[in-house]
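J.: Before we start, here is the structure in question, set down as structure tokens.
The values are calculated or read from the model by the stated rules, or taken from the named source; none is laboratory data. Owing to the predicted nature of the structure, the values given are computational and were not obtained by experimental measurement. Please note: Cβ atoms are built from the backbone with ideal geometry, for glycine as well, and neighbour counts cover all protein chains shown. All accessible areas refer to the heavy atoms of the entire protein, side chains included, with ligands and DNA or RNA removed. Shrake-Rupley method; radii C 1.70, N 1.55, O 1.52, S 1.80 Å.
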Amino acid sequence: MTALAAPAPPTQPENPLLAPWIGRFEVPRFQEIDPAHFVPAFEQAMAEHNAEIAAIVGNPETPSFDNTIAALENAGRTLSRVSDVFYVLTGAHTNEAIQAVEREMSPRLAAHHNAIRLNGDLFRRIDQVMRAAADAGLDAEQARVLERYHTGFRRAGAHLNEAAKRRLAAIGERLASLGTAFSQNVLADERDTYIELTSEDDLAGLPDFVRSAARKAAEERGLTGRSVITLSRSSVEPFLQYSSRRDLREKAFRAWIARGDKGGTTDNKAIIAEMVALRAERARLLGYPTYADYRLDDAMAKTPRAVRDLLGEVWPRALKRALADRDALQALAQAEGGNFRIAPWDWRYYAEKLRKKLHDVDEASIKEYLQLDNIVAAAFDTATRLFGLRFKEVKDVAAWHPDVRTFEVTDSSGNHVALFFGDYFARPSKHSGAWMTSLRDQEKLAGDVRPLIVNVMNFNKGADGKPALLSYDDARTLFHEFGHALHGMLSDVTYPMIAGTNVDTDFVELPSQLYEHWFERPEVLRKFAVHYRTGEPIPEDLLRKVLAARTFNQGCATVEYVSSALVDLEFHSLQSAEALDVSRLERETLDRLGMPEEIVMRHRSPHFQHIFAGASYSSAYYSYMWSEVLDADAFRAFEEAGDVFDPATAHRLRDNIYAAGGRRASDEAYIAFRGKLPSVDALLERRGLLDAVPAGEA
């Protein structure tokens, strides 16, 4: 009798995160991905990465660039792909299931990466390659990649004793969990807190675009027929700017600045205290007096003193301008019968009135000329004129949300350069703010790998059939993030370690902030700032007024920013953070600065995601201003050439900044473009602060 074969086990469905990416651009299979796919995908990818690291460590050959550094660059590719998809979703389109995965995987991923960076046997191989580098015949890019690996492993603590490494690993895992909790708490407050406007009286003073956005926000929360103001900056700031209901402005403002500071399960102050203490301990283990010293040692600034010197140059000028503006706002309020001292929730309201009075221009009139689609087209056109890029929208690429727009980017010869994803609209599933990220970075080590670059914004959708209209600041933000995107798209390096935006934190904002300059050029606005109803270009008289008012309220804006940067530095300059009272440190730092009561930090500590939802800007929020010193001077190169689209200057900019990634030190890259390092004067002039303090008074 013939034995019957046992039935084959049922075929397991393929995990789309581990399957080959699809289509002519090789993009993730977003339409097939379920949150349940992530944990098994991460587990398989980490196991694969561990095997690759073990093979490098166990290689019996003498350590070399190829069998150690290049091998490290090639290791972990599956993990990178899974992670890139995951973090796009956690930021731009999350849900409870994804957040649960994030809470589970954050410490596990931190442990995985810590185990590699603290691997003494692996570091000994890297160190051996470093010691032999002078005779290894490395090209400049290879030498830079080697130096970055060696520096990175030392800064991780791979050279320390086993007890120190165990503690560093535990700190890293705990910080990952805390950063995730911080971020999710802020999102919960932003998602669950809103101000409902129930009557026409509640809508008093609001222009049509604010009313439309409020109705749209209510619809997204299942409140059809109502109006709400959310805690998204694009919702609450226009409300504060136009609402004539002072009581509702106060209510909205207090809710906005209380994100992460409301008590209960979403309060972030205890998380901050623990994170600051752990970072200080990490710095001590690594031989630094403070976390700020550790963090800045591998940045352009190098020391906290250099950062304080820059911010100290700007602060008194900004403060003087802000106090003068405050007095003008107070006088305006009193002239209108306001028998009160203006408060933070009054500033934007009366500033808008003062701008109208001084410059005969208001935000509502400008906004009618700033259609989202046209500003996107302006950003693209600027890249065409500077770098020869072309953009064509493609409809056959599935993204993570139906609102996402996708564009193929080609060069002047029609060669494929990148794929660009624009995710422009606010929604409850998205974190607030604006950022650039990638689904794949450019490189040549694994062939001609072309990047998949992402911009995420939080603009309000148009309502009642109208196009989405942007504020002047929103339009500038779009250019800013697109500058980051170009840094990723134009990258032209071999090794992933130094591709695109993998540069110093206080240098990475140069390409983005520099790109903002072109948004404010008359030749750009004349072409793309057209009225959303009539199609007529912005009138020359209005254009002149808009540009003349560019530095209006810069005292307040600069005080908001610099105070945030200094509070960040203060937290991370503590040698010990035992029993840290977060609110007290913030308050005492602002008191020492002489912070006006009418202005608050741009990011109060309990929702300061730049520095506590991860570590990318911890001790480094100053980076925006450090880079602004560079970008203000860099744009002068075009002005000195007599053409803001000068081909020779644009070619130098592309080769030495946008395409260069981190192939050389940041100061060397800037000098290669400009021929010199800048002074702070260009920044002060751009912000209208150059003459804010008489000589010798600062």
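J.: State yes or no: is H487 open to solvent by 10 Å² or more (accessible area, probe 1.4 Å) and within 19 Å of the chain's Cα centre (by Cα)?
T.: no
J.: Sticking with this structure for a sec: Just checking, does the range 270-281 include any residue being open to solvent by 30 Å² or more (accessible area, probe 1.4 Å), farther than 30 Å from E237 by Cβ and free of Cβ contacts under 8 Å to residues at least 24 places away in the same chain?
T.: As a first pass, look at the range 270-281 and keep what is open to solvent by 30 Å² or more (accessible area, probe 1.4 Å): 270, 274, 281.
Those still in the list that are farther than 30 Å from E237 by Cβ too: 274, 281.
So of that shortlist, the ones also free of Cβ contacts under 8 Å to residues at least 24 places away in the same chain come out as none.
Scanning the range 270-281 turns up no residue that is open to solvent by 30 Å² or more (accessible area, probe 1.4 Å), farther than 30 Å from E237 by Cβ and free of Cβ contacts under 8 Å to residues at least 24 places away in the same chain.
J.: Take S491 and decide whether it is part of a loop (DSSP other than H, G, I, E, B), in contact (Cβ under 8 Å) with a residue 12 or more places away in the chain and under 30 Å from M300 (Cα atoms).
T.: Working: part of a loop (DSSP other than H, G, I, E, B): yes; in contact (Cβ under 8 Å) with a residue 12 or more places away in the chain: yes; under 30 Å from M300 (Cα atoms): yes.
Here the answer is yes, as S491 does meet what is asked.
J.: Among the numbered conditions (1) out of contact with any Gly (no Cβ under 8 Å at 6 or more places or on another chain); (2) in a loop (DSSP other than H, G, I, E, B), tell me where D506 comes up short.
T.: D506 satisfies all of (1) out of contact with any Gly (no Cβ under 8 Å at 6 or more places or on another chain); (2) in a loop (DSSP other than H, G, I, E, B) except (2).
J.: For the range 530-565, name all the residues that are outside any helix (DSSP H, G or I), closer than 22 Å to D381 by Cβ and either of a type in the set (F, W, Y) or open to solvent by 50 Å² or more (accessible area, probe 1.4 Å) (or both).
T.: Matches in the range 530-565: Y532, T534, E536, P537, P539, R550.
J.: Just give me the residues in the range 426-438 being crowded, with 18+ Cβ neighbours inside 10 Å and either touching a strand residue (DSSP E or B) at 6+ places or on another chain (Cβ under 6 Å) or under 17 Å from A398 (Cα atoms) (or both), in sequence order.
T.: If the condition is that a residue be crowded, with 18+ Cβ neighbours inside 10 Å and either touching a strand residue (DSSP E or B) at 6+ places or on another chain (Cβ under 6 Å) or under 17 Å from A398 (Cα atoms) (or both), then A426, S432, A434, M436, T437, S438 are the ones that fit.
J.: Oh, and also: Being among the aliphatic types (A, V, I, L, M), loosely packed, with under 15 Cβ neighbours inside 10 Å and over 20 Å from G614 (Cα atoms) is the requirement here; does A41 meet it?
T.: Considered against the rule, which asks whether it is among the aliphatic types (A, V, I, L, M), loosely packed, with under 15 Cβ neighbours inside 10 Å and over 20 Å from G614 (Cα atoms), A41 comes out as no.
J.: Further question on the same structure: When S583 is evaluated against the numbered criteria (1) without any contact (Cβ under 8 Å) to a residue 40 or more places away in the chain; (2) under 23 Å from K262 (Cβ atoms); (3) more than 19 Å from the chain's Cα centre (by Cα); (4) assigned to a helix (DSSP H, G or I), which criterion, by number, is the only one it fails?
T.: (1)
J.: Exactly one condition in (1) part of a helix (DSSP H, G or I); (2) open to solvent by less than 40 Å² (accessible area, probe 1.4 Å) is not met by K527; state its number.
T.: Exception for K527: condition (2).
J.: Now for a separate question. Could you tell me whether any residue of the range 317-328 is part of a helix (DSSP H, G or I), without any contact (Cβ under 8 Å) to a residue 24 or more places away in the chain, over 23 Å from D504 (Cβ atoms) and open to solvent by 20 Å² or more (accessible area, probe 1.4 Å)?
T.: Yes - at least one qualifying residue is present in the range 317-328.
J.: Based on what the data block shows, is G260 open to solvent by less than 20 Å² (accessible area, probe 1.4 Å), modelled with pLDDT of 95 or more and not in a helix (DSSP H, G or I)? Explain how you work it out, then say what you get.
T.: Working: open to solvent by less than 20 Å² (accessible area, probe 1.4 Å): yes; modelled with pLDDT of 95 or more: yes; not in a helix (DSSP H, G or I): yes.
In short, yes.
J.: Counting just the residues of the range 22-36 that are open to solvent by less than 30 Å² (accessible area, probe 1.4 Å) and in contact with a strand residue (DSSP E or B) (Cβ under 9 Å, 6 or more places away or on another chain), which one comes out farthest from Q99 (Cα to Cα)?
T.: F25
J.: Go through R124, R155, R148, R211 for me and flag whichever is open to solvent by 60 Å² or more (accessible area, probe 1.4 Å) and in a helix (DSSP H, G or I).
T.: Unique residue meeting the criteria: R124.
J.: If you don't mind, another one. Within the group D591, D568, which residue is buried (at least 22 other Cβ atoms within 10 Å of the Cβ), in a helix (DSSP H, G or I) and acidic (D, E)?
T.: Exactly one of D591, D568 is buried (at least 22 other Cβ atoms within 10 Å of the Cβ), in a helix (DSSP H, G or I) and acidic (D, E), namely D568.
J.: Let me ask something else about it. With within 26 Å of the chain's Cα centre (by Cα), modelled with pLDDT under 95 and of a type in the set (A, V, I, L, M, F, W, C) as the only criterion, which of F571, F552, F519 stands out?
T.: F552
J.: Answer yes if at least one residue in the range 679-687 is hydroxyl-bearing (S, T, Y) and open to solvent by 60 Å² or more (accessible area, probe 1.4 Å), and no otherwise.
T.: Within the range 679-687 (the criterion being hydroxyl-bearing (S, T, Y) and open to solvent by 60 Å² or more (accessible area, probe 1.4 Å)), the answer is yes, since at least one residue qualifies.
J.: Looking at (1) out of contact with any helix residue (DSSP H, G or I) (no Cβ under 9 Å at 6 or more places or on another chain); (2) open to solvent by 20 Å² or more (accessible area, probe 1.4 Å); (3) in contact (Cβ under 8 Å) with a residue 40 or more places away in the chain, which is the only condition E237 fails?
T.: (1)
For (1) under 25 Å from A434 (Cβ atoms); (2) crowded, with 20+ Cβ neighbours inside 10 Å, each residue gets a yes or a no:
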position	(1), (2)
M601	yes, yes
S616	yes, no
Y622	yes, yes
M625	yes, yes
V629	yes, yes
E639	no, no
D646	no, no
R652	no, no
R663	no, yes
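J.: Could you check how many residues of the range 348-373 are open to solvent by less than 40 Å² (accessible area, probe 1.4 Å) and either hydrophobic (A, V, I, L, M, F, W, C) or in contact (Cβ under 8 Å) with a residue 24 or more places away in the chain (or both)?
T.: Within the range 348-373, residues that are open to solvent by less than 40 Å² (accessible area, probe 1.4 Å) and either hydrophobic (A, V, I, L, M, F, W, C) or in contact (Cβ under 8 Å) with a residue 24 or more places away in the chain (or both) number 15.
J.: Which count do you get for residues in the range 442-463 that are part of a loop (DSSP other than H, G, I, E, B) and touching a helix residue (DSSP H, G or I) at 6+ places or on another chain (Cβ under 6 Å)?
T.: 5
This table checks each residue for (1) farther than 29 Å from N161 by Cβ; (2) under 27 Å from the mean Cα position of the chain (by Cα); (3) in contact (Cβ under 8 Å) with a residue 40 or more places away in the chain.
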residue: E104; (1), (2), (3): yes, yes, yes
residue: A110; (1), (2), (3): no, yes, yes
residue: R117; (1), (2), (3): no, yes, yes
residue: L122; (1), (2), (3): no, no, yes
residue: R125; (1), (2), (3): no, no, yes
residue: V129; (1), (2), (3): no, no, yes
residue: A136; (1), (2), (3): yes, no, yes
residue: Q142; (1), (2), (3): yes, no, yes
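J.: If you go through the range 414-425, how many residues are in contact with an Asp or Glu (Cβ under 9 Å, 6 or more places away or on another chain) and surrounded by fewer than 15 Cβ atoms within 10 Å (Cβ to Cβ)?
T.: 1
J.: Residue pairs, Cβ under 9 Å, 6 or more apart or interchain, first in the range 641-658 and closer than 16 Å to D631 by Cβ, second modelled with pLDDT under 95 and open to solvent by less than 10 Å² (accessible area, probe 1.4 Å). List them.
T.: none
J.: State all residues of the range 91-106 that are buried (at least 19 other Cβ atoms within 10 Å of the Cβ) and not aliphatic (A, V, I, L, M); if no residue qualifies, say none.
T.: Passing the criteria: G91, H93, T94, E102, S106.
J.: List, please: which pairs have Cβ atoms under 7 Å, are six or more places apart or on different chains, and start with a residue in the range 499-518 that is closer than 17 Å to E141 by Cβ and end with one that is of a type in the set (D, E, K, R)?
T.: A499/D441; A499/E443; G500/D441
J.: Follow-up question, since we're still on this one. Could you check, for the range 265-274, whether at least one of its residues is modelled with pLDDT under 95, over 21 Å from D568 (Cα atoms) and more than 25 Å from the chain's Cα centre (by Cα)? Outline the logic, then answer.
T.: The first filter runs over the range 265-274 and keeps only residues modelled with pLDDT under 95, leaving none.
Checked the range 265-274: no residue is modelled with pLDDT under 95, over 21 Å from D568 (Cα atoms) and more than 25 Å from the chain's Cα centre (by Cα).
J.: Being among the charged types (D, E, K, R) and in contact with a strand residue (DSSP E or B) (Cβ under 8 Å, 6 or more places away or on another chain), is that true of even one residue in the range 143-153?
T.: No.
J.: Within the set of pairs 6+ apart or on separate chains, which have a first residue in the range 6-19 that is modelled with pLDDT of 90 or more, a second that is surrounded by 10 or more Cβ atoms within 10 Å (Cβ to Cβ) and among the acidic types (D, E), and C-beta atoms under 8 Å apart?
T.: Close Cβ pairs (under 8 Å, with a partner that is surrounded by 10 or more Cβ atoms within 10 Å (Cβ to Cβ) and among the acidic types (D, E)) amount to P16/E32.
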